Each structure stands twice: as C-alpha cells, then as structure tokens.
Amino acid sequence: MHDPILRVQRAVWRNGAFATDERAIPNEVPIAITYGGSTQAVMMATPSDLEDFAVGFSLTEGLISKPSDIASLELVEEEEGIELRMWLVPELAETYSRRRRLLAGPTGCGLCGIESIEEAAKPAKTVAAASLLKPDQIIAAMAALQPAQLMNRETRAMHAAGFWTPKDGLIAVREDVGRHNALDKLAGHILRNGIDASTGIIALTSRVSVEMVQKTAAIGAPILAAVSAPTALAVRMAEEAGVTLVAIARGEEFEVFSSVKNALQQSEAVAASQAR
C-alpha cells in the first residue's frame, strides 16, 4: 500500500545541538498510465485521488471528453509503483493507437516526451467568454485555497489546484508533489462529478507555464488564478484560448495578464454600478 504521506526520522540542529524526531513528508511513486495495455505516461506523483488523476490526465491529453469514454479503469498496486490501467471505448481506442506516444514524466514535468516543437505550443481549446471578473472573487478564491491544503499543512511540500465558484465557494482541492498532477486530479474530479467548469475559477499555488493554461482550457474554466507569475508563452496561450489569466495573486492584490482590456472594462462597469 502506497500512502500519500510518510513519517521519517530526522536529526534537527537547533540551539547548538542535534535532536531527533519525526517529520511528515510527501510520498512520491511512479504512476504508470496505460491504455489498452500500452503505456502513455509514467509520472512521479503523490499516490492520492488516483481515479481523478487517471480521468483528468485523459481529459487534458485530449484522449477523452467525458468519463464514459473510459470503458474500464483499474488501479494495480505493485511494490515499485502503481499502474492506472485503462481501456477506452472502441472508437477512441482506435484513434489512440494511431496517435500513441510514450511520455516519461518526472515530477513537475508537463511536456516531457513530446515529438515536435509544434506539439509543445499546440493551440489550447477555446473556452467560453469569461463572466464578469470581480476582484473580490479572485481574492476570495485564493484566500480559500491555502486553508484547504491539508496534506501541505503536514508536509510543507505540496502543490494544490482548487476550483472556486461565486455560488458555492471552494468546491474541490487536489494536492500533489507535482503542480501538473494536482491540476489533472482536479480536472478528473470536475469531469467525474459533472461540474460546470465555466462557472468558476481555477486557483493554483504554483507559477503558470503554458501547459497549465492548456489544461485549464481543456477543463473549460474561463479564469485561471495563481500565486506566482506566468511565462510569456502562457500569456500568449491564454489570450488565444480566451482564458483570463490572473497571477501574482497574494492577499488583496493580483495582476491580470490576458484579457486585460476586458478586465479593465468590467472593472469600470462594476465601479459605475456601485456608484449608482
């Protein structure tokens, strides 16, 4: 059994002397993702919420669009790691066999094993136009994320991805040692539970690289907010996909990097309505 958190002995240098005790640290194991007996990816990940991970990875890789596209899913635990063994429905299985590629992904790797420069910068799915961007909602979404990071509270070494809506607040949070894995797990939860992603905000504890935007677009969320800065390619991709990219969101401040004109217009509209 692979537990997501382990407790290990450590020696702490403090006040001029060593003391020994235990510390909680995240587990990291190889997760093999297979379709029809062929390996698509081997990711180093935290062994938690693996059904969500399997479904979310399948969605963000463009292999499925709904949970029923996976004919069967089996988690096979071995001493060295875990296999997420999937079979797609026949029509998708045939498509997959034509486009199959091998992806070997270490922790934090989102684009390892791709076959061309064009594939790295492939256009993201275009999402529906974002709803009114309200600063208080961005601030509330990010503020709700940190207290919900239960595994990070123990380990101080985990990334998180959360989904927040104005109506229900923070609906779900998924954690992992890899930021891409955390977002894939969240994607799986959203898809498996039939949640309308167009109604809310994806909130991240990490920086925003291009594949995080691509995954957000695949999920169908119109707003992506993160505590750290984006890359230039992530900004360009967000503009093309119609994703409002909010970054460096800390406390009462944040910066908008895509859909900037719309954000300014919306802000003016909100101010005008409040002044009436």
**Prompt:** Would you call Ser68 at pLDDT 95 or above and surrounded by fewer than 11 Cβ atoms within 10 Å (Cβ to Cβ)?
**Reply:** yes
**Fill in**
Counted residues in the range 41-76 being touching a residue at least 40 places away in the same chain (Cβ under 8 Å) and out of contact with any strand residue (DSSP E or B) (no Cβ under 8 Å at 6 or more places or on another chain) come to 6
**Fill in**
Given (1) crowded, with 20+ Cβ neighbours inside 10 Å; (2) free of Cβ contacts under 8 Å to residues at least 40 places away in the same chain, Thr231 misses just (1)
**Prompt:** Looking at Leu103, is it out of contact with any Asp or Glu (no Cβ under 8 Å at 6 or more places or on another chain) and at pLDDT below 95?
**Reply:** yes
**Asked** Can you find even one residue in the range 28-42 that is outside the structural domain of Ala161 (by TED's automatic domain parsing) and part of a helix (DSSP H, G or I)?
**Response** no
**Any strands (runs of 3 or more DSSP E) falling wholly within the range 154-246 and containing at least 3 residues that are within 28 Å of Leu84 (Cα to Cα)** = 159-165, 169-176, 201-204
**Asked** Are any of the residues in the range 221-231 touching a helix residue (DSSP H, G or I) at 6+ places or on another chain (Cβ under 6 Å) and of a type in the set (Ser, Thr, Tyr)?
**Response** no
**Selection from the range 179-216 of residues that are among the small types (Gly, Ala, Ser), in contact (Cβ under 8 Å) with a residue 40 or more places away in the chain and surrounded by fewer than 24 Cβ atoms within 10 Å (Cβ to Cβ)** = Ser198, Ser206, Ser209
**Request:** Count, please, the residues in the range 1-49 that happen to be charged (D, E, K, R) and buried (at least 18 other Cβ atoms within 10 Å of the Cβ).
**Result:** 2
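The values are calculated or read from the model by the stated rules, or taken from the named source; none is laboratory data. These numbers come from a predicted model, not from an experiment. Please note: Cβ atoms are built from the backbone with ideal geometry, for glycine as well, and neighbour counts cover all protein chains shown.
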